Amino acid sequence: MPSGLPFLASDIGCIAGGYLAPSLHKPLRLNMVNARLTVISIGAVCMVGPALISFVVDPITAILCFSLGGFAHQMLSSMMYALMGDVFEKSEVATATGVAGMFGYLGGALFTLLVGALANTIGYEPLFAMLFAFDLVAAATLWAFIGVRRGAEVAQAAE
């Protein structure tokens, strides 16, 4: 059972992200874009799990940290694709999703090569910490570029 836990946690993260955004939408009076960005930010913070793997000695704890990372990654990944429908016009969603997927997979392939090269020289511990930092930077970048400001929300509602 413990070896399958990261996969189960990833599945739960994907589903939880989908339910969490609408749950934050009304009580916190966020528009849907900001609610999804909040879920992405929560996922980015939860990526601390893989960053802590190098500090644990127990294999079960390492699996739990890795599972938290899988949960977090799938939660924010599902919100990234959900954002496409929120920030692009209906006729552009498929193209935007395709381009995002293409660059995501290209980045994944290049990152795999980089990780392979760096793992031999510096080890895996710094790489797991870098994953956490990358997700935090990505969440901050999303907030900076597509987060809806309160003033813009009020002006848009008045139109």
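The values are calculated or read from the model by the stated rules, or taken from the named source; none is laboratory data. Everything numeric in this text was worked out from a predicted model, so none of it was measured. Glycine gets a Cβ as well: all are built from the backbone with ideal geometry, and neighbour counts include every protein chain shown.
Filter the stretch 10-60 down to the residues that are touching a helix residue (DSSP H, G or I) at 6+ places or on another chain (Cβ under 7 Å) and over 28 Å from Ile146 (Cα atoms) and list them by number. Passing the criteria: Leu52, Ile53, Ser54, Val56, Ile60. Just one of the listed residues (Phe103, Phe71) is under 26 Å from Leu20 (Cα atoms), at pLDDT 90 or above and of a type outside the set (Gly, Ala, Ser), namely Phe71. Residues in the stretch 2-50 that are touching a residue at least 60 places away in the same chain (Cβ under 8 Å) and not in a helix (DSSP H, G or I) were compared, and the one that is surrounded by the most Cβ atoms within 10 Å (Cβ to Cβ) is Met47. Would it be correct to say that Phe103 is of a type in the set (Phe, Trp, Tyr), closer than 17 Å to Ala133 by Cβ, without any contact (Cβ under 8 Å) to a residue 60 or more places away in the chain and part of a helix (DSSP H, G or I)? Here the answer is no, as Phe103 does not meet what is asked.
Going by the structure shown, is Phe132 of a type in the set (Phe, Trp, Tyr), within 20 Å of Ile15 (Cβ to Cβ) and part of a helix (DSSP H, G or I)? When the stated conditions are applied, Phe132 does not pass them. The single condition among (1) surrounded by 15 or more Cβ atoms within 10 Å (Cβ to Cβ); (2) closer than 21 Å to Gly123 by Cβ that Leu83 does not satisfy is (2). For residues that are under 19 Å from Ala139 (Cβ atoms) and of a type in the set (A, V, I, L, M, F, W, C), tally how many sit in the stretch 1-43. Final tally of qualifying residues: 14. Leu64 meets all of the listed conditions (1) closer than 21 Å to Pro22 by Cα; (2) out of contact with any helix residue (DSSP H, G or I) (no Cβ under 7 Å at 6 or more places or on another chain); (3) surrounded by 15 or more Cβ atoms within 10 Å (Cβ to Cβ) but one, namely (1). Give the residues of the stretch 51-80 that are aliphatic (A, V, I, L, M) and in a helix (DSSP H, G or I), sorted by residue number. Scanning the stretch 51-80 gives Ala51, Ile53, Ile60, Ala62, Ile63, Leu64, Leu68, Ala72, Met75, Leu76, Met79, Met80. Applying the condition of being small (Gly, Ala, Ser) and surrounded by 13 or more Cβ atoms within 10 Å (Cβ to Cβ) to the stretch 109-132 and asking which residue is farthest from the chain's Cα centre (by Cα) yields Ala119.
Give me the residue from the stretch 92-108 that is over 20 Å from His73 (Cα atoms) and of a type in the set (Gly, Ala, Ser) and, out of that set, surrounded by the fewest Cβ atoms within 10 Å (Cβ to Cβ). Applying the filter and picking the extreme gives Ala94.
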